[in-house]
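The structure under discussion appears below in the form of structure tokens.
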Amino acid sequence: MELLAPAGGWEQLQFAIRFGADAVYLATDKFGMRARADNFQLEEMPKVVAYAHDRGVKVHVTVNTQMYEHDLEDLAKTMEAHGQAGVDAFILGDLGALALAKEHAPQVDIHVSTQASISNTQAALTWYNLGAKRIVCAREMSLADIAAMRAALPADLEIEAFAHGSMCMAVSGRCLISDYMTGRSGVAGNCAQPCRWKYALVEETRPGQFFPVDEDERGSYIMNAKDLCMLEHLDELREAGIDSIKIEGRNKKAFYVATVVNAYRQVLDGADPAAFMDELDTVSHRPYGTGFYFGPAHQTPEDDRYTRNYQWVFEPLNSVVLTDDGTADVAVSGESSYVVTGLCRNKFEEGDTLEVLSPRQPVRTVTVQNLRYVGVDPDHPGFPPAADVFPGPVAAANRTMELYSFTIPFEASEHDIFRLKK
């Protein structure tokens, strides 16, 4: 199955690809369902596509917000620009958007968004006959429903389904509560997530009498859905005939994207799911469930908070061999100790034990030793050229996005993530 990862911005794009995504989905600053993500500028898209294609990764662009009359002219121009940039597919859910895509970017594949709520064979066939290459299943479909639909569809119509990430309590994300309560439209990509807020129930003929759904003193979170996690069920997704599994999370940061993509990549490539379930606990998440795949989805009414067990604390940019006299020399090879230099992401200290997440490798641990502050210029050519770059030891790295170094027993690269348990 294709592993499709979210790319809410440049950093997320890079880490999704480094950790094994086959394709990424993203948006520019208009027509995407995640308006609060970093997103991309339209003029950046040729560079985005080239970066991904050079690494064998496809680019799917979301144009799946609610479309109004005043959107159409700009939408047509946007689709034409995406086509010229070489994107591989549009993810759309509006028939007008489909017509414009076929007219202005006919070379781009059509993938029908979950926003279209496709949950039966006839709906899928209708989109197929209109030119769709892939449908994204409605979130509410069970695995049995997907398998039955797969058996009745043409072989060249692909099926994509969500496998991991936040769930919406509304039908495939089509919800008006945010618009009603805050003026921020969810179907325009700017949801305020009122389903995550605290509520208490009162019956209309008993004003002032609240009924016991309050799991804590603040109220109940009766619409607060569990996060989806299908890592232990990838074989069942494959057997149902799903061609592409999708990770939700365009509002997430690179640490989340890298960790989740890595877990799914490793299991897709044959690793034991049990070995990577703990990895999914290192990122921010609500309690996990399996959505609607095996029956009704469940809420987590006791709390609205994410679990956050780890922080991304260090981003390596460069590691060089540590020589006998304690200097860092890029010309020396074959030694067992290295000096790694990179950016502080969050505070860590001398003596801390860090976990190192690397693409397609087991997680390794290091103890921070000889921690030194380096400076503020990550573009310095060839840094660190020698020990005189290091001004001296420090007890803690606490200047975010400034350079630090320490010694480790193996070589590190910019593909790695150093994290610290909170």
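Looking across segment 22-44 at every residue that is crowded, with 23+ Cβ neighbours inside 10 Å and closer than 22 Å to Val261 by Cα, the one that is modelled with the lowest pLDDT is identified as Met33. Taking segment 1-98 and the helices (runs of 4 or more DSSP H) fully enclosed by it, the elements with 3 or more residues that are under 19 Å from Ala254 (Cβ atoms) are at 10-18, 45-53.
Residues in segment 367-385 that are loosely packed, with under 14 Cβ neighbours inside 10 Å and either modelled with pLDDT under 50 or part of a helix (DSSP H, G or I) (or both): Pro381, Gly382.
A count restricted to segment 272-314 and to residues that are assigned by TED's automatic domain parsing to the domain that holds Val261, over 21 Å from the mean Cα position of the chain (by Cα) and either modelled with pLDDT under 90 or farther than 26 Å from Val363 by Cβ (or both) stands at 0.
With respect to Thr126, determine if the residue is in the same structural domain as Asp243 (by TED's automatic domain parsing) and free of Cβ contacts under 8 Å to residues at least 40 places away in the same chain. Step through it out loud before you land on a result.
On the way: in the same structural domain as Asp243 (by TED's automatic domain parsing): yes; free of Cβ contacts under 8 Å to residues at least 40 places away in the same chain: yes.
Answer is yes for this residue.
Do we have Val136 as buried (at least 23 other Cβ atoms within 10 Å of the Cβ) and not in a strand (DSSP E or B) here? Taking the combined requirement at face value, the residue does not satisfy it.
The set of residues from segment 399-412 being under 26 Å from the mean Cα position of the chain (by Cα) and exposed (fewer than 14 other Cβ atoms within 10 Å of the Cβ) comprises Thr400, Met401. Within segment 348-366, being in contact with an Asp or Glu (Cβ under 6 Å, 6 or more places away or on another chain) and assigned to a strand (DSSP E or B) holds for Val356, Thr365.
Counting only residues that are without any contact (Cβ under 8 Å) to a residue 60 or more places away in the chain and under 21 Å from Val136 (Cα atoms), which one in segment 63-74 is surrounded by the fewest Cβ atoms within 10 Å (Cβ to Cβ)?
Result: Met67.
Evaluating Pro409 against the criteria (1) modelled with pLDDT of 90 or more; (2) touching a Phe, Trp or Tyr at 6+ places or on another chain (Cβ under 7 Å) leaves one unmet condition, (2).
The values are calculated or read from the model by the stated rules, or taken from the named source; none is laboratory data. Small disclaimer: the values here were computed from a predicted structure and weren't measured. As a convention, Cβ positions derive from the backbone with ideal geometry for all residues, glycine included, and neighbour counts pool all protein chains shown.
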